[in-house]
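Chemist: Please read through the structure below; I'll follow up with questions.
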Amino acid sequence: MMRPGHRERHRGERSGWLRAAVLGADDGLVSTSSLMLGVAASSASRAAVLTAGLAGLVAGAASMAAGEFVSVSSQRDVELRDLSVEAAELAADPAAELEELTGIYVRRGLSPQLAREVAVEFSRADPLAAHARDELGQSPATAARPVQAAGASALSFAVGALLPLLVTLAAGGSSRIVLLVAVTLVGLALLGAVGATLGGANRMRAAGRVLLGGCVAMAVTATVGALAGTAIH
């Protein structure tokens, strides 16, 4: 029995939008910073670097939203298809479905008699919901939400991509590259830590993982930009 005032703090219901938001912000920050760094390494003008960053922000946010929407929509289609099949099976042979639900509870550790009673009670209230939850593993908290995922991805990408743009606008001369790298690394570390905090994971491990990926992406892009600039000029 739950104690008065006791409040459970689970984070599973955040998994859908949290995954999309963290991925979007990380991608926006890393890809835009890397893009601007690569263009800057080719000895391009400040205007060219800013133009590349702005184009990367718009294109990346649109791409993230479209990709996330298509991906999560496909997941949702599978969920709805499974529910449709289950509804048809319940309508065709409810007794067999009741036995199937009873078997699920027995395998989870209930006695056959208690499993039968639980299956009957759940089936009396909402048999499709019972099968969706206990047979298919679906629940409202984990249901795929394409629009929510797309919006979270686009918005978080834009927020992440805005940081290197603001840095380049504020900084001048040769210091803008150093400042761009430094601010990006700080932003990545904070992003990893915040994402880990929201998800209840280890902050140091998450920050280190994000930092490593960002460093590799910026190093590769800067090298390619410098080589391209040398070849062109």
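The values are calculated or read from the model by the stated rules, or taken from the named source; none is laboratory data. Since the structure is predicted, the reported quantities are computational estimates derived from the model, not experimental observations. Backbone-built Cβ (ideal geometry, glycine too); neighbour counts: all protein chains shown. Just the protein is used for accessible areas: all its heavy atoms, side chains included, with ligands, DNA and RNA removed. Shrake-Rupley method; radii C 1.70, N 1.55, O 1.52, S 1.80 Å.
Chemist: How large is ³J(HN,Hα), in whole Hz, for each residue of the stretch 61-75 in order, when computed from phi with the Karplus curve 6.51 cos²θ - 1.76 cosθ + 1.60 and θ = phi - 60°, using x for Gly and Pro?
Modeler: Here the 3J(HN,Hα) series is 4, 5, 5, 4, 5, 5, x, 5, 5, 5, 5, 6, 5, 5, 5 Hz.
Chemist: Return the single residue from M204, M36, M218 with maximal mean-square fluctuation; model: Gaussian network over the chain, springs between Cα atoms under 10 Å.
Modeler: Among M204, M36, M218, the largest GNM mean-square fluctuation belongs to M204.
Chemist: Find the accessible area per residue for the chain; the probe is 1.4 Å, ligands and nucleic acids are left out, and the unit is Å².
Modeler: On a per-residue basis, 57 Å².
Chemist: I've got another one for you. Give me the percent relative contact order of the chain, please, defined on Cα pairs under 8 angstrom at least 6 residues apart.
Modeler: Once divided by the residue count of the chain, the mean separation gives 40 percent.
Chemist: Report, in deg cm²/dmol and to the nearest 500, the calculated mean residue ellipticity at 222 nm for the chain, where each DSSP H run with n ≥ 4 adds -39500 (n - 2.57) and the sum is divided by the residue count.
Modeler: Rounded to the nearest 500, it is -28500 deg cm²/dmol.
Chemist: For helix 15-41, what angle does its Cα long axis make with the longest principal axis of the chain, in degrees from 0 to 90 and rounded to 10?
Modeler: 10 degrees
Chemist: Something else about it: I need the peptides 147-154, 164-171 ranked by packing, meaning the mean over residues of other C-beta atoms within 10 angstrom, with the highest value on top.
Modeler: 147-154, 164-171
Chemist: I'd like to know which of G192, A88, G109 lies farthest towards the positive end of the charge dipole of the chain, counting +1 on Cβ of Lys and Arg and -1 on Cβ of Asp and Glu.
Modeler: G192
Chemist: Moving on to the next point. Suppose every K and R has +1 on its Cβ and every D and E has -1 on its Cβ; what is the size of the dipole of the chain about the Cα centre, in Debye to the nearest 20?
Modeler: Using only the charged Cβ atoms, the result is roughly 1380 debye.
Chemist: So, one more: Please report the net charge: other residues with Cβ closer than 15 Å to the Cβ of M218, K and R +1, D and E -1.
Modeler: Local net charge: -1.
Chemist: Please name whichever of A222, A206, L136 sits farthest to the positive end of the charge dipole of the chain, dipole taken about the Cα centre and charges placed at Cβ: Lys and Arg +1, Asp and Glu -1.
Modeler: Value: A222.
Chemist: Have a look at L23, V147, V167 and report the one farthest towards the positive end of the charge dipole of the chain, computed about the Cα centre with Cβ charges (Lys/Arg +1, Asp/Glu -1).
Modeler: V167
Chemist: What's the angle, to the nearest 10 degrees (0 to 90), between helix 112-125's Cα axis and the longest principal axis of the chain?
Modeler: 70 degrees
Chemist: Take the stretch 118-193, drop everything but the C-alpha atoms, weight them equally and run the Debye formula without solvent; then report log10 I(q)/I(0) at 0.17, 0.23, 0.27 Å⁻¹ to two decimals.
Modeler: Once normalised to I(0) and log-transformed, intensities are -0.77, -1.01, -1.15.
Chemist: For F69, what accessible surface area do you get with a 1.4 Å probe? Give it in Å², rounded to 10.
Modeler: 90 Å²
Chemist: With axes computed from alpha carbons, what is the tilt in degrees of helix 146-170 against the longest principal axis of the chain, rounded to the nearest 10 within 0 to 90?
Modeler: The angle comes out near 20 degrees.
Chemist: List the relative contact order of the stretch 77-155 as a percent without decimals, with contacts defined as Cα pairs under 8 Å and 6+ residues apart.
Modeler: Rounded, it is 30 percent for the stretch 77-155.
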